[in-house]
1. As a footprinting exposure proxy, order ILE298, ILE338 by other Cβ within 10 Å, with the fewest listed first.
2. Find the Cα radius of gyration of the stretch 3-168, compare it with 2.2 N^0.38 Å by division, and give the number to two decimals.
3. In nanometres, what is the gap between the two model label sites at ALA173 and SER299, each 7 Å from Cα along Cα-to-Cβ?
4. Between SER36 and ASP356, with labels modelled 7 Å along Cα→Cβ, what's the label distance in nm to one decimal, could you check?
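Computed from the coordinates by the stated procedures, all read-outs in this text should not be read as laboratory data. Just so it is clear, the model here is predicted, and its values are computed rather than measured. Please note: Cβ atoms are built from the backbone with ideal geometry, for glycine as well, and neighbour counts cover all protein chains shown.
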Amino acid sequence: MRFADGRVRQFAPLGRVAGDLPARLTGLTGPWRAASGWICTGIGASAAVADAVADRLRHNGVGAVSLPPGDVPGLAATVGWPVLLVSQSGRSTELLATVEALPTGRGLALTNAADSPLAAETGEAVVLGGLADSRASTVGFAALLLAGHMFADWCAGGAPGRGWAAEVAALSAAAVAFGDRLAGTVMDAAGTATDVTDAAGTVSDAAGTVSDAAGWAAMDVVADPDWLAAAEYGALMIREVGRIRAGALETRRYLHGPMESAPGGLTVLVGGDRLDRVADQLAAGPEPAPVLRWSVTISGGRTTVHVPASGLPPLLLDSAALGPFAGQLLVGYGLQEIAQRVAVARGVDPDEFVYDQDDTKLGTPSAPAAPPAPLSTIDERKSN
């Protein structure tokens, strides 16, 4: 499906995933719940899901790290932890090479694809059933993100079905409300250039509209730890869909050097009060450094999303069961919006990539198989 259609449809399958997954997890036969820790890995959008799963596991008291596929076998041999391999397609050659380097029975696949080579190679898998997705992932990312959070709760001994189905039902409306808060802060309503005439008769683009973003050379998405996985996913969407260089950084890491290169691009700040000061510093710097400030916090079982420039009140989500998931999904949705609007402004087709690689995935029955991928730490962001 097209990227725009995927954005609209990405929330619809979540209730079914939340309802079906507990039985699928209970049906696993491996010693997964007995593991003292996990290594999580993936490529592209699936790498962001792997990061979120590792974070949720740690929050649940289970040791976990997220690594590029090529780094996994060495650590797995040292610590003895099982490996969760996240792949929407289930055909990523580098993940298959990683499984082959692991002892038998040490890998578990989390995939959207039914009958995937990765699931066959690991022997056991959590499969979502082949949900239709856009090329730059929308539906698949949202569904795998939910499944990964539920898996992390199950690994920690929790009941993964408790509360999830009811709470994810509210996410679609919350995303629309979040979109309302974004309108006017990063783009004009039509997604086209907006001219502003000042008192002297000078015509210029309105500050903060998508027409500005189309001319920026790069974007930084800076996020507190709870939202970093969504920032990584969103930066990928901005690169793939909008074709602008974009990167995601954790707040503290951003302050240690990368912040100095902010002028000339857009900075999206996602998180708590510490980033208010960062926004003020960027605004007061010697060169223009446009900023989008999204306040996203968790307190008392409630996720609060606020876009101060929107003029609208904060969006409150009761998310005792969902934890950071609700905010992660909304942040990802907002960054999809930026990516799509920038693509339109730049005249880019969001459903086409400039470069196609034939060696990042195994071929389908109608396509030739790719050669085996060597183990490496290269992050093939378009292969997921």
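1. Sorted ascending by nearby Cβ count, the order is ILE298, ILE338.
2. The reported ratio for this selection is 0.95.
3. Simple spin-label model gives 2.4 nm for this pair.
4. Distance between label points: 4.9 nm.
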